[in-house]
Amino acid sequence: MTGNSARKGKPRVGEPKSSAAGLPGITHAMRYALGEMGARRSIQTLSAMNQIHGFDCPSCAWPDPDAEHRHQAEFCENGAKAVAWEATRKQVGAAFFATHSIAELRAQSDHWLEHNGRLTEPMHLAAGATHYTPISWDGALSLVADRLRALPDPDRAVFYTSGRASNEAAFVYQLLARRLGTNNLPDCSNMCHESSGAALSQTIGIGKGTVTLDDIANHAELVVVVGQNPGTNHPRMLTALEHAKRRGARIVSINPMAEAGLARFKNPQTVRGLAGRGTQLADRHLPVRVNGDLALFAAVNKALLARDDAEPGAILDHRFIARHCDGFEAAADAWRALDWRRLESMSGLDRSDIEEFTTDVVAADSVVVCWAMGLTQHRNAVATIREIVNFLLLRGNIGRAGAAPIRGHSNVQGDRTMGIWEQMPDTFLDAVRDEFGFDPPRRHGLDTVESIRAIRDGRVDVFFALGGNFVAATPDSELTSAVMANCALTVHVATKLNRSHLHHGREALVLPCLGRTERDVRSAGEQVVTVEDSMGMVHGSRGIPAPASPDLRSEVSIVTELGRRLFGDDIGWGAMGEDYTLIRRHIEHVVPGFQGFESRIAEPGGFALPNGPRDSRAFATPSGKARFTVNPPDAVQVPDGHLLLQTVRSHDQFNTTIYGLDDRYRGVRGGRRVVFVCTDDLRDRGLRDGDVVDLVSVWTDGERRASGFRVVDYPTPRGCATAYFPEANVLVPLDSTADVSNTPTSKSIVIRIEPTT
Ligand code: SF4
């Protein structure tokens, strides 16, 4: 699937870069923006992006500076690409679909599919048909309503959400699913920060971070960036890190590969960044082995404890521990019993490196730990993040700085706040009942992996996706694409054609929606939506240019109109679809922290949601205290001759969206089928840079193969390998998931490498 046409791009490989952004960042952003949008539209959109009265960047969830510190160009290269991708002038309409059959489209790359432009009208694929054909909105929504109404059991429907959906769209969407009678609400969070939510809820009583942008930029004395590549995935974070660095904070990067963005940042907003050498960011880089983070943080905690044992009270914050925490003694006993040699071997780091990092920690009165998918997509991800919470608790850093899970998609955190979760607690469901007068189902629904299993096993008739590219984003992609045919109907609300529209049910619909950048006018006037960033700030987003086609509808209006057709106007579906302030009034009643919602989004920059650990060191755990936990270090055992593969994004990529075929920071151009392996591991296998190999993953149910990858000799720890997703998703077994969170283990796949024959 995704790989076929990607093989057409033959990668050229040069030296990795030692700095990020700068003039090349501006050049690449503007070239892409002008190519997709032209000069007028580029100015119109980019000048409104991340501005107080503009729209929120549809790419990552990095927070915006407060109103008085915003630049006129408050976006990064990848944010500009995301906007250009959405606000492109190119379009695909009925003529395109009449020309290209599904079979032809499947043979194209993801890059090609999306670069044909915006969808302009609803399209229908009849059972047995070879081409999508136009359908009216009335026909499309009636069809979906009829199929949902006819289900023998509401749990035979699945409602998937991507992290782009606004708070308003997410709220009415979860309402629709629950009004129908199901909690089958899988989302992209199941595949990314589910492990963070699980670990943080267990230990500090809230499934979100405890840090603000101000903490990172202006207060923290040490910022630890682990399992995260902000230069590509959250580029404006580099500005905050630069700010921190220039006021004297230390930065430690922990990642198998040293990434350009954390080495040196050339801030394009400064003369120093444009004409000078920029700012060195990381003071220390620890090249941890893939899946070695749990062992590393256990080792640091052991070292901190040993120093405190040697000099009682000098290292740990015993006052904080006694007053705010449970479980310290058990955790301390476990750390004392750990064996240094095992910790070194599992982490891939020497004790001396770990002790030096511990010295950085001891020297800092406030520490922030930022992380992303490099931590969350391992089998032991929840244990790893719990161990990071232990690390933060030991020196009382929660409530002074603390935990910063950095979300990858613009409103993925907000969607969860709005109830997009297959296991929302009874308090939320009770509030929905009290507000709307129907009792939502209480049994837990299906998450993403469970949904794929249910589809595979013929237990799902209707698959509805609010955005996203389900088959490309999910693990075991060949299996996932194949089993979608088991659904009677697949429905995708989308801005652009993607692979998921081509691996469809027996009947399929593609419903074109407004993008975040576009003006949304309903009968009640121009509408604003809201989003929540990675740090719990909620603010408004108002699209500026006219929609790409008059036939587009907003996600809110599609969902509410479907609700009206299914349930009549029992809870005011029609009115909510015309006036989003009514939705916000309901949110205010149902979701804690949204009192005065409408007036607070009028404040420049929006408002912060309450956060007990951060605001007042209040922990909503059963004991009311933060919990130390015991997390026995382990690491994936890799058989002789095998490697542990992690999947990553290239720089020309946002999730499954491929903007281009380059990854210039890592020195790769013109292709994506590459695998990064160190010199020693290549030599052991008789391989060299430039060889072409197959990657074969090994799992209990057999082997999976991805063919034709160009080997790149690259500095990375021994025993590790790296390739891009979605190309390598085919190697991730559906049943290889993280403990507790059930997140696919896309960052630790046992593979062997074989020369392509
Ligand atoms: S850092 Fe993230 S939110 Fe900000 S402009 Fe870049 S991609 Fe968009």
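Within the range 586-607, the set of residues being part of a helix (DSSP H, G or I) and open to solvent by less than 30 Å² (accessible area, probe 1.4 Å) comprises 587, 590, 597.
Yes/no per residue for (1) within 26 Å of residue 10 (Cα to Cα); (2) more than 26 Å from the chain's Cα centre (by Cα):
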{"residue": "709", "(1), (2)": "yes, no"}
{"residue": "713", "(1), (2)": "yes, yes"}
{"residue": "721", "(1), (2)": "yes, no"}
{"residue": "738", "(1), (2)": "no, no"}
{"residue": "746", "(1), (2)": "yes, no"}
{"residue": "757", "(1), (2)": "yes, yes"}
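Within the range 8-30, the residues that satisfy the criterion of being over 26 Å from the mean Cα position of the chain (by Cα) and open to solvent by 70 Å² or more (accessible area, probe 1.4 Å) are 8, 10, 12, 15, 23.
Take the residues in the range 215-267 that are within 16 Å of the ligand (Cβ to nearest atom) and basic (Lys, Arg); name whichever of them is nearest to residue 384 (Cα to Cα). The qualifying residue nearest to residue 384 (Cα to Cα) is 236. Of the residues making up the range 183-206, those that are under 15 Å from residue 428 (Cα atoms) and either out of contact with any strand residue (DSSP E or B) (no Cβ under 8 Å at 6 or more places or on another chain) or not aliphatic (A, V, I, L, M) (or both) are 183, 206. All conditions but one from (1) within 16 Å of the ligand (Cβ to nearest atom); (2) at pLDDT below 95; (3) in a helix (DSSP H, G or I) apply to residue 272; the one that does not is (1). If you go through the range 342-378 and pick out every residue that is more than 11 Å from residue 295 (Cα to Cα) and open to solvent by 40 Å² or more (accessible area, probe 1.4 Å), you end up with 11.
For the range 608-647, the tally of residues that are more than 19 Å from residue 386 (Cβ to Cβ) and in a strand (DSSP E or B) stands at 6. Residues of the range 192-214 that are surrounded by fewer than 24 Cβ atoms within 10 Å (Cβ to Cβ) and among the hydrophobic types (A, V, I, L, M, F, W, C): 198, 206, 213. The residues of the range 464-480 that are at negative phi, open to solvent by 10 Å² or more (accessible area, probe 1.4 Å) and among the small types (Gly, Ala, Ser) amount to a single one, 473. Taken across the range 725-735, residues that are surrounded by 22 or more Cβ atoms within 10 Å (Cβ to Cβ), in a strand (DSSP E or B) and modelled with pLDDT of 95 or more do not occur at all. Scanning the range 253-269 turns up at least one residue that is within 22 Å of residue 366 (Cα to Cα) and not hydrophobic (A, V, I, L, M, F, W, C). Hey, among 156, 118, 179, which residue is of a type in the set (Lys, Arg), closer than 21 Å to residue 510 by Cα and open to solvent by 30 Å² or more (accessible area, probe 1.4 Å)? 156 is the lone residue from the list that is of a type in the set (Lys, Arg), closer than 21 Å to residue 510 by Cα and open to solvent by 30 Å² or more (accessible area, probe 1.4 Å). In summary, residue 395 fulfils each of the numbered conditions (1) open to solvent by less than 10 Å² (accessible area, probe 1.4 Å); (2) in contact with a strand residue (DSSP E or B) (Cβ under 8 Å, 6 or more places away or on another chain); (3) among the charged types (D, E, K, R); (4) under 17 Å from residue 203 (Cβ atoms) with the single exception of condition (1).
Yes/no matrix, rows are residues, columns are (1) small (Gly, Ala, Ser); (2) within 28 Å of residue 76 (Cα to Cα); (3) open to solvent by 50 Å² or more (accessible area, probe 1.4 Å); (4) in contact (Cβ under 8 Å) with a residue 24 or more places away in the chain:
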site	(1), (2), (3), (4)
257	no, yes, no, yes
270	no, yes, no, no
282	yes, yes, no, yes
287	no, yes, yes, yes
315	no, no, no, yes
318	no, no, yes, no
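Evaluation of residue 582 against the conditions (1) free of Cβ contacts under 8 Å to residues at least 24 places away in the same chain; (2) open to solvent by less than 40 Å² (accessible area, probe 1.4 Å) shows that the sole unmet condition is (2). Please tell me if residue 139 is in contact with a strand residue (DSSP E or B) (Cβ under 8 Å, 6 or more places away or on another chain) and either of a type outside the set (Gly, Ala, Ser) or surrounded by 14 or more Cβ atoms within 10 Å (Cβ to Cβ) (or both). For residue 139, the condition - in contact with a strand residue (DSSP E or B) (Cβ under 8 Å, 6 or more places away or on another chain) and either of a type outside the set (Gly, Ala, Ser) or surrounded by 14 or more Cβ atoms within 10 Å (Cβ to Cβ) (or both) - is not met. Screening the candidates 693, 750, 712 for the property of being closer than 29 Å to residue 468 by Cβ and either assigned to a loop (DSSP other than H, G, I, E, B) or out of contact with any helix residue (DSSP H, G or I) (no Cβ under 7 Å at 6 or more places or on another chain) (or both) yields one hit, 750. From the list 702, 671, 612, 641, the lone residue that is under 28 Å from residue 231 (Cβ atoms) and either open to solvent by less than 40 Å² (accessible area, probe 1.4 Å) or touching a residue at least 24 places away in the same chain (Cβ under 8 Å) (or both) is 671.
Report those helices (runs of 4 or more DSSP H) wholly inside the range 320-386 carrying at least 1 residues which are closer than 12 Å to residue 303 by Cα.
Details: elements: 328-336, 340-347, 351-362, 373-376.
Passing ranges, in order: 328-336, 340-347, 351-362.
Residue count for the range 585-609 under the criterion of being in contact (Cβ under 8 Å) with a residue 40 or more places away in the chain, farther than 24 Å from residue 50 by Cα and not β-branched (Val, Ile, Thr): the result is 2. Can you say whether residue 661 is assigned to a strand (DSSP E or B) and under 23 Å from the mean Cα position of the chain (by Cα), as far as the supplied structure shows? When the stated conditions are applied, residue 661 does not pass them.
Residue count for the range 35-93, restricted to those that are over 19 Å from residue 118 (Cβ atoms), more than 14 Å from the ligand (Cβ to nearest atom) and open to solvent by less than 10 Å² (accessible area, probe 1.4 Å): 0.
The values are calculated or read from the model by the stated rules, or taken from the named source; none is laboratory data. Computed from a predicted model, the values in this text were never measured in an experiment. Here Cβ is always computed from backbone atoms with ideal geometry, including for glycine, and neighbour counts include all displayed protein chains. Just the protein is used for accessible areas: all its heavy atoms, side chains included, with ligands, DNA and RNA removed. Shrake-Rupley method; radii C 1.70, N 1.55, O 1.52, S 1.80 Å.
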